[in-house]
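Below you'll find the structure, written out as structure tokens, and then a few comments.
The values are calculated or read from the model by the stated rules, or taken from the named source; none is laboratory data. Remember, predicted model here, so these are calculated numbers, not experimental data. Methodologically, a virtual Cβ is constructed for each residue, glycine included, from the backbone with ideal geometry; neighbour enumeration extends over all protein chains shown.
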């Protein structure tokens, strides 16, 4: 039976988030010019839009049947889109974080980029393992590579880090919207950042949701591979389990944030005093 990552308890998630926000990240960003390590060679090796057929010798391609060609093409898509996701995470650091740190304090930076280094490291590790598997022109199995990252303790870690990043999206977007409205300098910096060719005409709000989009993509790609081989079914089940748990965490977080907003509005409202005449009672 598949063993998806076990959902973390609410108290555990709360403690992790509190420790990270109050101590780890805020002090970390104060001393960092960049969140991520220097660009990995891996990110430069893969060309966007390259077809798997273009990466293998024609004589080898001629020996494969149509089903195997399609299967290899989907495996290659899984690999190249993982590299593309790494590039997106790096854009958040190189294009946005490094410029925004001049106009935001550490708490605001922690809200927008809560655990970017940890999420990047998880995807970089997965990408490296995929690259090793592709040292052979024909990849026999990719499910075990995914499974090593999304099942058991590793899956719990993947889920926790993804949840932490995704749960901050709504609050981060609200912070960005308010800062753009109130701070012309911040709005100008965002405009300059989004004009960078590295953003590929995407806005910051589009890039911030990239992790959730990537989690959604895993089961879909593995489903396409399963059409040609059964070896990836366990990995697909685990990826679906992580996606479901992250979605639930995001919904819970957004619900708590809405309740908090309502409470602040109530606290700010003038106190309403009820007198006897409100109920048409005779004066005593």
One residue is enough: does the range 158-169 have a residue meeting the conditions surrounded by fewer than 17 Cβ atoms within 10 Å (Cβ to Cβ), assigned to a helix (DSSP H, G or I) and touching a residue at least 24 places away in the same chain (Cβ under 8 Å)? no
Is it true that some residue in the range 219-238 is closer than 30 Å to residue 70 by Cα and touching a strand residue (DSSP E or B) at 6+ places or on another chain (Cβ under 7 Å)? yes
Can you list the helices (runs of 4 or more DSSP H) lying wholly within the range 174-274 that have 1 or more residues being farther than 30 Å from residue 141 by Cα and in contact with a helix residue (DSSP H, G or I) (Cβ under 6 Å, 6 or more places away or on another chain)? 184-194, 204-208, 233-268
Read through the list (1) surrounded by fewer than 21 Cβ atoms within 10 Å (Cβ to Cβ); (2) farther than 22 Å from residue 253 by Cβ; (3) modelled with pLDDT of 90 or more; (4) in contact with a helix residue (DSSP H, G or I) (Cβ under 6 Å, 6 or more places away or on another chain), then give the number of the only condition that residue 111 fails. (2)
Residues in the range 134-147 that are touching a helix residue (DSSP H, G or I) at 6+ places or on another chain (Cβ under 6 Å) and in a helix (DSSP H, G or I): how many? 4
